[in-house]
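The values are calculated or read from the model by the stated rules, or taken from the named source; none is laboratory data. Since we're looking at a predicted model, the values are computed, not measured. Every residue, glycine among them, receives a Cβ derived from its backbone with ideal geometry; neighbour counts consider all protein chains shown.
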Amino acid sequence: MRDDKIRTFLTLCDTMNYRLAAERLHITQPAVTQHIHALEQYYGCRLFSYDGRRLQKTDDAATLEVYARGMVYQEQKLMQALHPLPVNHLTIGATKTIGECVIAGQAARFLKNPRNRLDVLVGNTQEMLHLLEQGQIDFALVEGNFDRTQYDCRLYRREPFGGLCSRDHPFAGRTVPLEELFGETLLLREPGSGTRYVLEQVLTQANRSLLEFARVVTVSSFGLLCDLTAQGAGISFAYEAIAQSHPRLARFHVEAWDITREFNYVFLRCTDAAAAVDLFESCR
């Protein structure tokens, strides 16, 4: 059974606040402090320190966190092994581009085997990584950036990224200068999404920003975003898979932009989650 001190440690990593950790665990704040001190004595290292009033993890704490999160995941798998079901049950996460436009065929092939069970959670990159850290999913398929020192990963595929507009928009089928973009209404995913991060990154490299667009409209649903784009409410940027899934949209390119990004399987280090990746990958 997992040590309560490890549970306290991971909760403090999540909250980075002793009081909030105590409230979440329904214990006293001194008890949180005692658990952390006990771990520091056991492992012979400092885990947390303060920079002014801000609590920070040490490098040793970051290392322990990787192994501790793996321990939580492995304990769940141990319970499943001790009380096995006659099925292969995967719980996976996917960012919205991948979940809505990429993996349907693969998931359908996986489910053709009556012994297979599948739960799919779809959200933005930050949400999927949080579920992964909490041990709530076996792996995540993400298009966004993630800390490669904290997670293991495997390339799923590389995907082009470009502009989307309505079929009767002046940009349709064209390569347009960067400067022409800023007179447009931009339809954009919410902060934390992979597509938004890519666009922000490319604009920053060109010494430009989202603030230069005539309007920026945030839409968390890809379905609604694509419908608005198709109806001429604005332009957007997304991966090729989105364009291929919505025939009412047209594509355009931006001069000097040749953008391709990775879709990756992401899973916890120090676990056997790679076996879950192998199982799902076998149905591609």
Within segment 74-90, considering residues that are surrounded by fewer than 16 Cβ atoms within 10 Å (Cβ to Cβ) and within 16 Å of V277 (Cβ to Cβ), the one modelled with the highest pLDDT: H89
Selection from segment 166-224 of residues that are more than 21 Å from V142 (Cβ to Cβ) and in contact with a Lys or Arg (Cβ under 6 Å, 6 or more places away or on another chain): T185
Test set (1) assigned to a loop (DSSP other than H, G, I, E, B); (2) under 22 Å from E190 (Cα atoms) - I98 fails condition number: (1)
All positions within segment 251-284 that are over 16 Å from the mean Cα position of the chain (by Cα), crowded, with 20+ Cβ neighbours inside 10 Å and not in a helix (DSSP H, G or I): F252, V254, T271, A273
Near pairs, Cβ below 8 angstrom, 6+ apart or cross-chain, from segment 56-80 (free of Cβ contacts under 8 Å to residues at least 60 places away in the same chain and closer than 21 Å to Q136 by Cβ) to any residue that is hydroxyl-bearing (S, T, Y) and surrounded by fewer than 19 Cβ atoms within 10 Å (Cβ to Cβ): L64/Y43
Matching residues, segment 200-248, being among the small types (G, A, S) and out of contact with any Leu (no Cβ under 9 Å at 6 or more places or on another chain): S220, S221, G223, G232, A241, S245
Any hit, segment 244-263, residues being farther than 30 Å from F110 by Cα and among the polar types (S, T, N, Q): no
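Name every residue in segment 86-106 that is of a type in the set (A, V, I, L, M, F, W, C) and either touching a residue at least 24 places away in the same chain (Cβ under 8 Å) or assigned by TED's automatic domain parsing to the domain that holds R189 (or both), in order of residue number. Before the answer, list the steps.
Start the filter on segment 86-106 by keeping residues that are of a type in the set (A, V, I, L, M, F, W, C), which leaves 87, 90, 92, 94, 98, 101-104.
Result: V87, L90, I92, A94, I98, C101, V102, I103.
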Residue tally, condition out of contact with any helix residue (DSSP H, G or I) (no Cβ under 7 Å at 6 or more places or on another chain), at pLDDT 95 or above and over 22 Å from H89 (Cα atoms), over segment 106-159: 3
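Can you tell me how many residues in segment 131-149 are more than 8 Å from the chain's Cα centre (by Cα) and on the phi < 0 side of the Ramachandran plot? Don't jump to the end; show me each part of the working.
If we filter segment 131-149 for residues that are more than 8 Å from the chain's Cα centre (by Cα), which is where we start, we get 131-139, 147-149.
Restricting the remaining residues to those that are on the phi < 0 side of the Ramachandran plot gives 131-134, 136-139, 147-149.
Of the residues in segment 131-149, 11 are more than 8 Å from the chain's Cα centre (by Cα) and on the phi < 0 side of the Ramachandran plot.
Answer yes or no: is there a residue in segment 16-34 that is of a type outside the set (A, V, I, L, M) and under 25 Å from the mean Cα position of the chain (by Cα). Talk me through it step by step, then tell me what you get.
Taking segment 16-34 first, the residues of a type outside the set (A, V, I, L, M) are 17-19, 23-24, 26, 28-30, 33-34.
Going one step further and asking which of them are under 25 Å from the mean Cα position of the chain (by Cα), we end up with 17, 24.
The answer is yes, given that some residue of segment 16-34 is of a type outside the set (A, V, I, L, M) and under 25 Å from the mean Cα position of the chain (by Cα).
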Restricting segment 263-280 to residues that are in contact with a helix residue (DSSP H, G or I) (Cβ under 6 Å, 6 or more places away or on another chain) and modelled with pLDDT under 95, the residue that is farthest from C101 (Cα to Cα): C270
Search result, residues across segment 13-59 that are touching a strand residue (DSSP E or B) at 6+ places or on another chain (Cβ under 7 Å) and assigned to a helix (DSSP H, G or I): C13, I36
Test result for L129, surrounded by 18 or more Cβ atoms within 10 Å (Cβ to Cβ) and assigned to a strand (DSSP E or B): no
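Can you confirm whether segment 48-60 contains a residue that is under 30 Å from K112 (Cα atoms) and touching a Ser or Thr at 6+ places or on another chain (Cβ under 8 Å)? Show your work before the answer.
The initial filter retains those residues of segment 48-60 that are under 30 Å from K112 (Cα atoms), namely none.
Taking every residue of segment 48-60 in turn, none turns out to be under 30 Å from K112 (Cα atoms) and touching a Ser or Thr at 6+ places or on another chain (Cβ under 8 Å).
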Test for R269: is it in contact (Cβ under 8 Å) with a residue 60 or more places away in the chain and over 19 Å from F161 (Cα atoms): yes
